[in-house]
Each structure stands twice: as C-alpha cells, then as structure tokens.
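Let me begin by presenting the structure, written as structure tokens, before commenting on it.
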Amino acid sequence: MNPRELIERKKRGAALTEGEIAAVVADFAAGRIPDYQMAALLMAIWFRGLSRAESAALLRAMIASGRTLDLRDIPGPKIDKHSTGGVGDKISLPLAGVAAACGLRVPMVSGRGLGHTGGTLDKLESIPGYRTQFGEAAFRDTLRRVGATIVGQSDDLVPADRELYALRDVTATVDCIPLIAASILSKKFAAGVEGVVLDIKVGSGAFMRDLEPARALAALLVDLGHEYGRRVAVLFTRMEEPLGEAVGNAIEVVESVAVLRGAGPPDVRTLVLELAAEMLVLGGLAGDLATGRSAAARALSSGAALETFARMVAAHGGRLAIEHPSCGLELAPVVARLAAPRDAFLEGVDGWEIGMALVDLGGGRQRKEAAIDPAVGLRWRVRVGQRCQAGDVVAEVLARPGQDTSAVLHRLGAAVAWGDEAPAPPALVLDRLPFRAAAV
Ligand code: URA
C-alpha cells in the first residue's frame, strides 16, 4: 500500500478497498505513515466522502488498532449513551445511576470538554479523589459490583482514533460525517458495549446546528452499528439554551445529584428519563419506551439511582457528600449577575456563546492540554419563552475573588435575544430513530 496512491485515488473520488483502509489505519497508528500524508488523505476524504462500505471498513480498522474488551462474562445488558456534546450537558452522571439501578450495565468511556462543550471527565474530576483512569480489572469489577463506571479512554483503546482525532483537530477535518461516525462507534464497540443510545445535539450550542446533517450522521451511525452486530438508537435533542441551570464542572455535579434526588431542572430530568428508557429498550429490559420511562422514574423516586451513583463515585475513589446541598464541593464564591434589560420574553439563546463564556471564566478549555478551574461556573436562571421584568436575574456567574467578570457578563448579555411576543415553547426531543430489532 502506497499512501500517495491512496491520496491520489481518493482525491479523484475513487473508492478505497477494505484492505487499503485497514493498512493505512494500522500503519498510521504504528507511526509508519507521516502526519502530512494522513492529513492529505483526511482532507481528500473530507471533500470526497466515504461510501458506506468504506466507512464500515474504517470502523473495523480503527477498532482493530487497539485492544478490545469482551464483557460477556459480566451479567446484564451492557448499554452506553453518547452525546455529541453541548452546554450544561451533565446527563451522563444521573443517567449512569438510573440505568444501572434499573439493571443495565453501563461501561462509559467518556471524554473531556473541548471548545464550547463541557466534558463528563472534567465534571467527575471536580469530585476530590475521583479517578478517571482505571485498569481493566477495576473497570470490570466496578461494572460487575455497582453496574456503572465512567472512565477516560485508556492508551490502548482505539489508539488510531486518538492519533486521527488529534490530526483532524488541527487540519479542519473534524466535521466529516464518516470520520465522526467511525470515531464515535469505534470507542464504544472496543469498550465492549452491546448497544448505544446516541444523543445527537442540534442547535446553536451543538456542533451540528441543523437537523439535516444530524440526520445524515444518525443514519450512518445506525447502519454501521447494525453492520457491526451492535444495537443503536438515536435521539435528536435541542441544544440552544443550557441543559438545566448549571454550566461548569463542580456545579454540574451538584445539579446531577439534585436530579438523582428526584428534584433538579425539569429538562434534565426529562432527558434522563428519555435516554434511560431508550437504553432499557435497547438492553431488552423494557418492552417499550413508556415502560422504560416508568422504571427510570421509579429508580429516581426510590433513591436507588442516587445510591448507585454514590457507590460508583466511591468505587472510583471520589469523596462526595451527597447529603449536603453543595455535595461538599468547592464552588467559586463571587457571584456576578446578568439582569434582564427590559420587560420582555426571552426569545432565544446562543448556546455556543454561553459555552465560550465558561471557557473565558476558566471552566472549559480551548486546547486539549489546558487546565481548568472546576469551581467556576454559571447558573442559567431563565428559560426560553419565559417573561422577565427589567432587572430580573437571567444568569449568575460564579467567579474567583479578584476575577474580572465584566467581559463574561457582556458575552452572556449579547448571547440572548428579547422580544415582545411569547415565542413558541421549544421542544427538547426533536426526533428519534428507534432501535430496529430486526437488524440485530
Ligand atoms: N466525537 C468523537 O468521539 N469523534 C468525533 O470525530 C467527533 C466527536
């Protein structure tokens, strides 16, 4: 296999064979193909695309680049959830507790926040002691004993994705549907899940702003999942205003615990129930979504989901005082407020700007290796469609003493639109692609 030849053929729109894709991925992961050739191939793929067969070959090649976990000896359906990323998206935390309390096994390999979106690992690491790097034995043991474990990607799980993603990040080739699909699914399937529910976010606070490309991504994810013999379901959910009130790291853990207590913001609770129901159907523990939702709601009201989450945190070494309102976590003490400028309805919110305001505060990162401050954050107080009076608090900024919050408040102020007419209430779940049992 000559990389130059493959670049040339893909540049002209020709299809690559399974063997060529396998060789190029293996050679790149092993350092035998330089970044400049792989970057050229990625850009040719960005322009020319990959067929379904080529995408499936890429998924298989990426999985084959590292170790794969076989979790079949652990009883119970192994089902995960993946979100394409949003603002205030802490769903994985309460959802892991709910799904495991309902009998699923949830082996979650999560990522860090990048750009305007938050990351589950950063949120969990705001809990003192929580270890996100687990060896396989601890991963299996926690999954077996507690039912859920949330860890970071290990070095040997899909190493090709780590290398390819880093290269895509700096060559403007991330936003390519076949590359995204193979990247997401390779990590899930290598980690041994039998099924995955994908929460594809759509809107100003998501990587995909419109439903049309989100549908194309979803269709490919479902096809590739089925071809690989795994179950896949998709929810398309709105991501404009933040999910819930809390945006940050420690502050999102606190809100997650509130949801696990049966309280918390209604949109977070609703999405947890919807995703849990999909996971339960996928895992064969519920015959339909209504039964799944009821089981998930019972896990919240009985306290079983909170107990499961607390046991998972403890298994990871985390110290979380769930009985305290702030869970014993440090929150930045200075509160600056954004007020409504006039009597009006909140008409719309630019989620990307809100996510970037958190980055400006130090709670998110622009570069992969950057450090974050887990204690800073935002409380988003007003929902789209709500009427405010001049001076009502729209958002609170939690900052460190001495930190200048004026630019952050200005950014937040510019991210909201006000109107005199009540806008139609936006739907949270925009659409879904249910699991097609026949394809398994
Ligand atoms: N998330 C991933 O894991 N991979 C991508 O390519 C994009 C989002």
(Q) Can you pull out every residue in region 239-266 that is closer than 23 Å to L289 by Cα and in contact with a strand residue (DSSP E or B) (Cβ under 6 Å, 6 or more places away or on another chain)? (A) M239
Q) If I354 passes every condition in (1) outside any loop (DSSP other than H, G, I, E, B); (2) within 30 Å of P75 (Cβ to Cβ); (3) not small (G, A, S) but one, which one does it miss? A) (2)
**Q.** So L217, is it within 14 Å of the ligand (Cβ to nearest atom) and either out of contact with any Gly (no Cβ under 7 Å at 6 or more places or on another chain) or part of a loop (DSSP other than H, G, I, E, B) (or both)
**A.** yes
Q: For L58, indicate whether it is modelled with pLDDT of 95 or more, on the phi < 0 side of the Ramachandran plot and within 16 Å of the ligand (Cβ to nearest atom).
A: yes
Q: Go through region 202-214 residue by residue and tally those that are more than 11 Å from the ligand (Cβ to nearest atom) and part of a strand (DSSP E or B).
A: 1
Q.
Which pairs turn up if I take residues in region 174-186 that are free of Cβ contacts under 8 Å to residues at least 24 places away in the same chain and look for partners that are open to solvent by 30 Å² or more (accessible area, probe 1.4 Å) and near the ligand (Cβ under 6 Å from one of its atoms) with beta carbon separation below 6 Å, at least 6 apart in sequence or on another chain?
A. none
(Q) Tally up the residues in region 62-88 that are more than 24 Å from G113 (Cα to Cα) and open to solvent by 10 Å² or more (accessible area, probe 1.4 Å), please. (A) 11
Q: Please verify whether region 20-27 includes one or more residues that are touching a residue at least 60 places away in the same chain (Cβ under 8 Å), over 19 Å from L157 (Cα atoms), of a type in the set (A, V, I, L, M) and open to solvent by 30 Å² or more (accessible area, probe 1.4 Å).
A: no
Q.
Need the failing condition index for R209 against (1) at pLDDT below 90; (2) over 13 Å from the mean Cα position of the chain (by Cα); (3) basic (K, R), just the number.
A. (1)
Q | Out of L198, L157, L179, L185, sole residue that is within 11 Å of the ligand (Cβ to nearest atom) and outside any helix (DSSP H, G or I) | A | L198
Q: Count, please, the residues in region 117-126 that happen to be surrounded by fewer than 24 Cβ atoms within 10 Å (Cβ to Cβ) and in contact (Cβ under 8 Å) with a residue 40 or more places away in the chain.
A: 2
Q: Return a yes/no flag: does region 427-438 have any residue that is of a type outside the set (F, W, Y), part of a helix (DSSP H, G or I), within 25 Å of V234 (Cα to Cα) and more than 23 Å from the chain's Cα centre (by Cα).
A: yes
(Q) of a type in the set (F, W, Y) and within 30 Å of Q37 (Cα to Cα): is that true of Y165 in this structure? (A) yes
Q) Which pairs have Cβ atoms under 6 Å, sit 6 or more apart or on different chains, and link a residue in region 55-82 that is within 25 Å of V24 (Cβ to Cβ) to one that is aromatic (F, W, Y)? A) I63/F189
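This table checks each residue for (1) within 17 Å of L164 (Cβ to Cβ); (2) more than 16 Å from the ligand (Cβ to nearest atom); (3) among the acidic types (D, E).
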| position | (1), (2), (3) |
| --- | --- |
| I45 | yes, no, no |
| I79 | no, yes, no |
| H82 | no, no, no |
| G85 | no, no, no |
(Q) Based on this model, can you work out whether T132 counts as in a loop (DSSP other than H, G, I, E, B) and either more than 16 Å from the ligand (Cβ to nearest atom) or more than 30 Å from V24 (Cβ to Cβ) (or both)? (A) yes
Q: Could you please tell me which pairs satisfy a Cβ distance under 9 Å, a separation of 6+ or placement on different chains, a first residue in region 207-219 that is over 17 Å from A182 (Cβ atoms) and without any contact (Cβ under 8 Å) to a residue 12 or more places away in the chain, and a second residue that is open to solvent by less than 100 Å² (accessible area, probe 1.4 Å) and within 15 Å of the ligand (Cβ to nearest atom)?
A: R209/V202; D210/V202
Q.
Looking at K81, K90, can you tell me which residue is within 19 Å of G195 (Cα to Cα) and outside any helix (DSSP H, G or I)?
A. K81
Q: Read through the list (1) part of a helix (DSSP H, G or I); (2) surrounded by fewer than 24 Cβ atoms within 10 Å (Cβ to Cβ); (3) more than 18 Å from the chain's Cα centre (by Cα), then give the number of the only condition that A172 fails.
A: (1)
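The values are calculated or read from the model by the stated rules, or taken from the named source; none is laboratory data. In this text the structure is predicted, and so the values were computed from the model without any measurement. Please note: Cβ atoms are built from the backbone with ideal geometry, for glycine as well, and neighbour counts cover all protein chains shown. Each accessible area value is taken on the protein alone, full model and side chains, heavy atoms only, with ligands, DNA and RNA left out. Shrake-Rupley method; radii C 1.70, N 1.55, O 1.52, S 1.80 Å.
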